[in-house]
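For reference, the structure discussed in these notes is given below.
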Amino acid sequence: MKASIYIATSVDGFIARTDGSLDWMPQFGASGEDYGYHSFMESVDALVMGRKTYDKILSFGVNWPYTKPVVVLSSRPIDIPDELNGKVVPMGGSMPEVVQGMIQRGYEHVYVDGAATIQTFLNFGLVDQIIVTVIPVLIGTGIPLFGPVSEDIRLELVSQASWPSGLTQNTYRVVSSDS
Ligand SMILES: NC(=O)c1ccc[n+]([C@@H]2O[C@H](COP(=O)([O-])OP(=O)(O)OC[C@H]3O[C@@H](n4cnc5c(N)ncnc54)[C@H](OP(=O)(O)O)[C@@H]3O)[C@@H](O)[C@H]2O)c1
């Protein structure tokens, strides 16, 4: 199973303020540019996100933004609104159990979202591709995208893009984990 990250950060490496707010992010779609999001989404079979990212998306109170199945990781039962029955798949347990659960569902390429979840997948050597879009702002403190790694994770820069809006995007392939 292939796993990819597609995420936006501030220049100082945060994906959200400490309270989870995203007010510093531009409205995606406002410029008519989608920063490769739709073609990336087309390439995945499912998303896997942490419970905190799921709660944040539900808190927006707008239409569910995904057409692909969304696996939500949590150590406890989660609330699934009736309209999301069959679209949201709760999972927990050990990482090998989570991976096995996704393979059994036939997912060959998953989109991993949420910093804590991304860090867990990275430390289990499960990430193949990292696409980071950098927003030209410093927010000083918040939830960092990356954290401690059990060993160095070497990346190969596959492509770079930049837009008049000031956003830049690096796509990396994970080469190997080594000590
Ligand atoms: N900038 C962006 O593009 C972007 C993208 C995504 C998210 N965000 C923001 O990031 C914030 C959330 O990220 P986060 O790093 O705080 O949290 P997260 O990764 O979304 O969620 C962490 C939670 O996921 C569950 N979890 C993770 N791995 C698990 C495992 N192997 N087994 C069982 N449960 C597991 C746990 O839930 P329980 O505590 O329920 O056990 C854990 O507390 C939100 O504010 C969101 O808006 C920003």
Worksheet item: What number of residues within segment 15-44 are away from the ligand (no atom under 14 Å from the Cβ), aliphatic (A, V, I, L, M) and touching a residue at least 40 places away in the same chain (Cβ under 8 Å)?
Response: 1
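Could you list, in sequence order, the residues of segment 78-93 that are outside any strand (DSSP E or B) and either surrounded by 14 or more Cβ atoms within 10 Å (Cβ to Cβ) or under 19 Å from the mean Cα position of the chain (by Cα) (or both)? If you could, list the steps in order and put the result at the bottom.
First, pick out the residues of segment 78-93 that are outside any strand (DSSP E or B): 78-84, 86-87, 92-93.
78, 80, 84, 87, 92, listed by residue number.
Yes/no per residue for (1) aromatic (Phe, Trp, Tyr); (2) in contact with a strand residue (DSSP E or B) (Cβ under 6 Å, 6 or more places away or on another chain); (3) at pLDDT 95 or above:
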position: 3; (1), (2), (3): no, yes, yes
position: 12; (1), (2), (3): no, no, yes
position: 19; (1), (2), (3): no, no, yes
position: 29; (1), (2), (3): no, no, no
position: 39; (1), (2), (3): no, no, yes
position: 44; (1), (2), (3): no, yes, yes
position: 60; (1), (2), (3): yes, no, no
position: 75; (1), (2), (3): no, no, yes
position: 78; (1), (2), (3): no, yes, yes
Fill in: Residue selected from segment 45-54 under the condition in contact with a helix residue (DSSP H, G or I) (Cβ under 8 Å, 6 or more places away or on another chain) and either away from the ligand (no atom under 11 Å from the Cβ) or in a helix (DSSP H, G or I) (or both), by the criterion nearest to residue 88 (Cα to Cα)
46
Worksheet item: Can you pull out the residues in segment 94-124 that are outside any strand (DSSP E or B), more than 10 Å from the ligand (Cβ to nearest atom) and of a type in the set (Ser, Thr, Tyr)?
Response: 107
Response to the item:
Checked segment 55-77 for anything under 17 Å from the mean Cα position of the chain (by Cα) and in a helix (DSSP H, G or I); matches are 55, 56, 57, 58
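Only residues that are within 13 Å of the ligand (Cβ to nearest atom), closer than 20 Å to residue 107 by Cα and β-branched (Val, Ile, Thr): list them for segment 61-88, please. Walk me through it before giving the result.
Restricting attention to segment 61-88, the residues satisfying the condition of being within 13 Å of the ligand (Cβ to nearest atom) are 65-66, 70-79.
If we keep only those that are closer than 20 Å to residue 107 by Cα too, we end up with 65-66, 70-74.
Those that are within 13 Å of the ligand (Cβ to nearest atom), closer than 20 Å to residue 107 by Cα and β-branched (Val, Ile, Thr): 70, 71, 72.
Condition (residue is of a type in the set (D, E, K, R) and farther than 27 Å from residue 148 by Cβ) applied to segment 25-40: is it met by at least one residue?
So the first thing to find is which residues in segment 25-40 are of a type in the set (D, E, K, R), and the list is 33-34.
From what's left, farther than 27 Å from residue 148 by Cβ: 33-34.
Looking for residues that are of a type in the set (D, E, K, R) and farther than 27 Å from residue 148 by Cβ, one finds at least one in segment 25-40, hence yes.
On the given criteria, is residue 10 within 15 Å of residue 144 (Cα to Cα) and of a type in the set (Gly, Ala, Ser)?
Numbers: within 15 Å of residue 144 (Cα to Cα): yes; of a type in the set (Gly, Ala, Ser): yes.
For residue 10, the condition - within 15 Å of residue 144 (Cα to Cα) and of a type in the set (Gly, Ala, Ser) - is met.
The values are calculated or read from the model by the stated rules, or taken from the named source; none is laboratory data. Computed from a predicted model, the values in this text were never measured in an experiment. So basically every Cβ, Gly included, is an ideal-geometry build from the backbone, and we count neighbours across all protein chains shown.
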